[in-house]
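Below is one structure, written out as structure tokens; comments come after it.
Read-outs: derived from the displayed coordinates by stated rules, not from any lab. Quick caveat: nothing in here was measured; it's all calculated off a predicted structure. Every residue, glycine among them, receives a Cβ derived from its backbone with ideal geometry; neighbour counts consider all protein chains shown.
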Amino acid sequence: WLRYPPVADKMLQASYRYHVSALMVPSSDATLNIARQELLNGLSRLLQTQVPATATLRQDETVIAGTAQQCPLIAQANIAGLLKAAGNEGFMIVPKILQGKRCLLISGNTSIGVLYGVFHFLRLLQTAQPIPVQPIISAPKIQLRMLDHWDNLNRTVERGYAGFSIWNWHTLPTYIDQRYIDYARANASIGINGTVLTNVNANATVLTPAYLEKVKALADVFRPYGIRVYLTARFSAPMEIGGLATADPLNDSVRGWWKEKIKEIYSYIPDFGGFLVKANSEGQPGPQDYHRTHADGANMLADAIAPYKGIVIWRAFVYSHDNPIDRHKQAYDDFVPLDGQFRPNVLLQVKNGAIDFMPREPFHPLFGAMPKTPLMMEFQLTQEYLGQGTSLVFLAPLFKETLESDTYSKGAGSTVAKVIDGSVDQHMLSGMAGVANIGNDINWCGHPFAQANWYALGRLAWDHTLSSEQIAEEWLRMTFSNELTFLKSATRLMLESRDIIVQYSNPIGLHHIMGTGHHYGPAPWVNNQHRPEWNPVYYHKADSTGIGFDRTATGSNALAQYQPAVRRQWEDIHTCDEKYLLWFHHVQWRFRMKSGRNLWEELCYQYYTGADRVTGMQHTWESLRPFVDPQRFAQVTMLLKIQQQEATWWRNACLLYFRTFSHMPLPADYTPPD
Ligand code: GCW
């Protein structure tokens, strides 16, 4: 989205040229130098002319970017009142007459605020918007806006579908790939200000001096773009690389080891962000190995890192094999009793739903249930359970669905968004992370539409009130074209894509029926894994009477983890939102659905409609041929063909399998595959 192609509408380009007659970016720091460079580069390409950079104000229509501290003109501009609302990282763009000349000011209280403002200004031009005549003021609603890379040091990426890791540990620290710089630009352009470089499942090697030197090189590249580096900290690091016999968080040698390690890290990276920790989950070590709690573990690290103003992001994604009744419940059971026990520099990072990044899941019951602990959102950009690298699925609607869900924790209106931005429980720390979908593929994310998910995460972390439609349209305008005919169809294509994959893979609240291990394609029949919750049959529970997971009081009672107002929405089989029906209920095959169809017929209808709609996506895309360059057009065409095959596969496999329980007929026009 930072391609900066020439503005296609020549009248508009002429007007932009008129309104951007000169550039003034007084600067004495690296961030503002970047802001100037980005403006010069972006404008010369968009406007197809070299906008002169000036050190003194000489003419009307000068764009001035800077902070009051570095630019006396801005200091005299009488905008201090407006700037207050911009906070530490925000910006304002405001037209002003200065020294008798019409100017456009892009300012902030900090250099990074100015850089964000510059990217916003460029976005206005990229998306064919008018030059502002009224002040724009914008500040992020969430403090930590992060990408979590699941990248291993051998450059494989866990659940990565876009090639290998972009971090080339072999050539670091000396060789700085241009990609690191472009990565930082892309992130800064959408306000992302933190990156966790390593996989939550990685070993502790990254904490050794040889690797810290490499991490430092990346941190040095990212710093002027406002991006802090974080690392995963394997809980057993004191044993793995420290030679200790234990990693018990209450042991003095262990505490001392972490103190020294952290001191060492900060000697390389003075603004190191902190640690992300996966503990006692899926076989990872953790404090429970020593009969300590998650709070004991997190606090030990938090105490050691506090003097440097670092933070600890502790993950709530935990489930174990000895909890066979319902994995849905474990995180809540483990963490709610610990509310109030975490240090102030600990955030708990919670996945959007209680199972695992499903195509659709209700919001995680932890949101709203731990008022004394700042909860951070973990979304997944890499489409582990959503068709991976071959499917066009725009995730903003999924993110928004979770963010707008009402937890009722402090009465109506306590949405998940307001829990995580800290406003419901008055937290100072707040965060949203996306598990990155970036790899070394030539187009970064594999599927040409996958970048939209990276983009959406950044935009929503900055402002969760943006609509999916706004985000899709912005991204399409910058990435493809400002043509209205194109935008109309392409926006709809993106907005419908997530519902479509739900329909043809996991409709009516079905979940986790993907191929075991790789999670690609359907495998609802699998029942041979030694851990019950790794078997799809554990989740759909189809039998001769019906299908679905009873999570009401007659079943696992996971519903009891939600506030009564939420519970009431879902606990009655007759009023439960049908999109979650089989998530919360075991439903008889002949149950009457709102459509008038019985459950089996509805299941057939959903699978058929979903698969047909992928054919519709193909037709829509075909109609967009005149607006897209041949290379990307062909890529998406081929990928949609794969998606069409996948959708048919999902439909046929699931219906043929579930029919062995329902014993009811398939739709009359159905021809079984050869
Ligand atoms: O979604 C599951 C994935 C694992 C992942 C785990 C987690 C990093 O299948 O690959 O491990 O969640 O989030 O920790």
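Things worth noting here:
- Förster radius 60 Å - calculated FRET efficiency between LYS309 and THR56 (Cβ-Cβ, nearest 0.05): 0.95
- Reach of LYS641 by Cα under 26 Å, taken over lysines that are not fewer than 8 positions away in the same chain: LYS488
- Loop-located trypsin sites (Lys or Arg not before Pro) in segment 371-459 whose Cβ has at most 16 other Cβ within 10 Å (DSSP): LYS372, LYS410
- With the convex hull drawn over the C-alpha atoms of segment 438-526, the volume per residue is 134 Å³.
- Considering only ILE471, ILE508, LEU46, the residue lying farthest towards the positive end of the dipole of the chain is LEU46, judged by Cα position with unit charges set on Cβ.
- Dipole orientation for segment 144-466: of the candidates PHE235, GLY422, VAL215, VAL215 has the Cα lying most toward the positive pole (charges on Cβ; Lys, Arg +1; Asp, Glu -1).
- Prolate/oblate/rounded label for segment 261-370 (Cα gyration tensor, a/c 1.5): prolate
- Three-way shape call for the chain based on the alpha-carbon gyration tensor, with the a/c threshold at 1.5: oblate
- This ranking places TRP525, TRP570 by how few other beta-carbon atoms lie within 10 Å of each, fewest first, which gives TRP525, TRP570.
- Neighbour counts of other Cβ atoms within 10 Å put PHE486, PHE449, PHE379 in the fewest-to-most order PHE486, PHE379, PHE449.
- Taking 0.36 nm per residue of separation and subtracting the current Cα-Cα distance, fully stretching the chain between ARG597 and ASN557 would add 11.6 nm.
- Coil-residue trypsin sites (Lys or Arg not before Pro) of segment 510-611, DSSP, other Cβ within 10 Å capped at 12: LYS594
- Relative contact order of segment 144-466, defined on C-alpha pairs under 8 angstrom at six or more residues apart (%): 19 percent
- Of all aspartates and glutamates in the structure, those lying under 20 Å Cα to Cα from LYS96, and not within fewer than 8 positions of it along the same chain, are ASP60, GLU61.
- Note on segment 1-114: antiparallel DSSP beta bridges, both residues inside, total approximately 45 percent of the bridges counted.
- Using θ = phi - 60° in the Karplus curve 6.51 cos²θ - 1.76 cosθ + 1.60, the 3J(HN,Hα) couplings for segment 208-225 round to 8, x, 4, 7, 4, 4, 6, 4, 4, 4, 5, 4, 5, 5, 7, 3, x, 8 Hz; x is entered for Gly and Pro.
- Exposure proxy shown here: for GLU404, GLU496, GLU571, the number of other Cβ atoms within 10 Å sets the order, fewest to most, as GLU404, GLU496, GLU571.
- Computed about the Cα centre, the dipole magnitude for segment 174-288 is approximately 200 debye when only Lys and Arg (+1) and Asp and Glu (-1) carry charge, each at its Cβ.
- For the chain, the antiparallel share of DSSP beta bridges with both residues in that region comes to about 30%.
- Cα-Cα over 23 Å, subset of LYS309/LYS410; LYS261/LYS351; LYS400/LYS594; LYS141/LYS309; LYS216/LYS309; LYS259/LYS329: LYS309/LYS410; LYS261/LYS351; LYS400/LYS594; LYS259/LYS329
- Cβ-derived FRET efficiency at R0 41 Å, GLN588 paired with LEU484, nearest 0.05: 0.25
- Relative contact order computed over the chain (Cα-Cα under 8 Å; 6+ residues apart), in percent: 10 percent
- Per-residue ellipticity at 222 nm computed for the chain from its helices equals -11500 deg cm²/dmol, with DSSP H segments shorter than 4 residues left out and the rest contributing -39,500 (n - 2.57).
- Modelled spin labels at MET11 and ILE176, positioned 7 Å past Cα toward Cβ, are 4.5 nm from each other.
- Rounded, prolate or oblate (a/c below 1.5 giving rounded, otherwise prolate when a/b exceeds b/c) for segment 10-138 by Cα gyration tensor: rounded
- Taking every alpha-carbon pair under 8 Å whose residues sit at least 6 apart, segment 10-138 reaches a relative contact order of 27 percent.
- Two-site FRET efficiency, LYS263 against ASP29, from Cβ-Cβ distance with R₀ of 41 Å, rounded to 0.05: 0.90
- Selection from ALA354, SER21, MET432 lying farthest towards where the dipole of the chain points positive, charges on Cβ: SER21
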